[in-house]
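Undergrad: My questions will all concern the structure given below.
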Amino acid sequence: MPGFGHVAVGMAAARARAPGEWSRGRLAASMAAWGALSLAPDLDVIGFRFGVPYGSEFGHRGATHSLVAAIAGGVLVGAIASARRRRLQWKLGLAAIAVLASHGLLDAMTDGGRGVALLWPFTTARYFFALHPIPVAPIAAGMLSARGAYVTVVELVLFAPFWLWAIRPRQQRP
C-alpha cells in the first residue's frame with residue numbers, strides 16, 4: 001500500500017478522539033500525528049539500506065507489522081502521554097494499538113509481497129487474508145507509473161469513507 005489508506009485510518013482515529021472544542025489547528029496537528037503513527041510500521045524499510053532482506057523477520061512487513069509490535073507501540077504512546085499529563089492515558093494507548101495494528105491487517109489484504117508477520121515473535125510465518133481488495137504498490141519511483149496511479153485511485157476509493165469522515169465539517173453548536 002502506498003499509505004493513503006493507512007493515513008486515512010490514522011486521521012479518522014484523530015477525529016474520533018478530538019473533543020468538539022478543539023481548534024482547527026489542533027485538530028490538524030492531531031491528524032498529522034495520528035497519520036504519521038499509522039505509517040510507523042513501514043519504518044522497517046530502512047533495513048533495505050543496511051542489507052536486511054525483505055523476507056527476514058526484521059525485513060519489510062516483518063516484526064514491525066506484528067500485533068505484538070502494535071501493542072508495544074500503543075503502550076509506549078500511552079505511557080509517554082501519561083508522563084506528560086500526569087494521568088493515565090489508557091484510552092489513547094488503546095487507540096494507538098488499534099491504529100498500529102490496522103497497518104499490518106490492511107497490508108495482509110494486499111495482493112502482493114511475501115505476506116505480513118502478524119504473529120511475530122511467536123512465529124516468523126507471513127500471512128495474507130483470503131480477501132485481497134487492496135493492490136500492492138510499486139516501490140519508490142514505481143509509484144510514478146501507470147500501476148502506481150491505479151493503486152492510488154483504488155486506495156482513495158476504498159478509504160473514501162475514512163477520509164470523508166475525518167475531514168467533514170464540524171457541527172455548529174446552537
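Each reported figure results from applying straightforward, stated rules to the coordinates on display, with no laboratory input. Everything quoted here is computed from the prediction, not taken from an experiment. Heads up, the Cβs are rebuilt from the backbone with ideal geometry, glycines too, and the neighbour counts pull from every protein chain shown.
Undergrad: Return the total of residues in the range 14-54 being of a type in the set (S, T, N, Q) and either surrounded by 16 or more Cβ atoms within 10 Å (Cβ to Cβ) or in contact (Cβ under 8 Å) with a residue 12 or more places away in the chain (or both).
TA: Result for the range 14-54: 2.
Undergrad: Among the residues of the range 58-103, which ones are crowded, with 22+ Cβ neighbours inside 10 Å, farther than 16 Å from W34 by Cα and among the small types (G, A, S)?
TA: G62, S66, A69
Undergrad: So, restricting to helices (runs of 4 or more DSSP H) that lie completely within the range 1-120, which ones have at least 1 residues that are among the β-branched types (V, I, T) and more than 28 Å from A140 (Cβ to Cβ)?
TA: 67-85, 90-107
Undergrad: Looking at (1) touching a Phe, Trp or Tyr at 6+ places or on another chain (Cβ under 9 Å); (2) surrounded by 14 or more Cβ atoms within 10 Å (Cβ to Cβ), find the lone condition where D111 falls short.
TA: (2)
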